[in-house]
């Protein structure tokens with residue numbers, strides 16, 4: 001009897017945990033679809049979707065390489081409206097190349113790279129939005 005109760009408890013916890021992860025993933029899928037409106041022609045998606053579930057004042061970091069001679073667009077979203085995500089682009093030495101806080105949390109930024117550059121993109125929830133958790137999505141597109 002005791003073993004069957006333990007099994008039932010474990011199965012219950014597994015089902016609850018699986019359900020919560022599915023809700024989190026579907027939230028990120030919805031935000032990625034919303035964010036995709038910022039990566040339209042003449043920009044083409046690089047095919048990556050950088051995602052992270054953020055709680056409170058956490059930050060997510062994504063690493064990428066930008067290739068010289070190309071024009072890029074970084075789009076960052078969290079929630080159902082623009083301006084909920086603060087993102088900052090750093091070089092490999094953590095020098096700030098761009099932050100959207102200087103642009104009133106603009107949802108995207110276009111830039112040209114002269115030489116190939118390894119970068120870090122940091123994403124945080126906008127504290128002014130009042131959200132204590134949410135999914136951060138970063139999309140990158142390049143001009144053909």
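The values are calculated or read from the model by the stated rules, or taken from the named source; none is laboratory data. Everything numeric here is computed off the predicted structure, so don't read it as measured data. Positions of Cβ are backbone-derived with ideal geometry, glycine not excepted, and every protein chain shown enters the neighbour counts.
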request  = Tally the residues that are over 20 Å from residue 70 (Cβ atoms) and surrounded by 17 or more Cβ atoms within 10 Å (Cβ to Cβ), restricting the search to segment 35-53.
outcome  = 3
message = I'm trying to understand the selection: among the residues of segment 48-64, which are over 20 Å from residue 26 (Cβ atoms), within 14 Å of the chain's Cα centre (by Cα) and part of a loop (DSSP other than H, G, I, E, B)?
response = 58
query = So which of 106, 123 ends up being out of contact with any strand residue (DSSP E or B) (no Cβ under 8 Å at 6 or more places or on another chain), surrounded by 12 or more Cβ atoms within 10 Å (Cβ to Cβ) and either within 20 Å of residue 32 (Cα to Cα) or modelled with pLDDT under 95 (or both)?
reply = 106
key: Per-region count, segment 89-123, residues outside any strand (DSSP E or B) and either over 21 Å from residue 27 (Cβ atoms) or in contact (Cβ under 8 Å) with a residue 40 or more places away in the chain (or both)   = 15
task = Sort out which residues of segment 65-88 are in a strand (DSSP E or B) and over 13 Å from the mean Cα position of the chain (by Cα), and write them in order of number.
result = 65, 66, 71, 72, 73
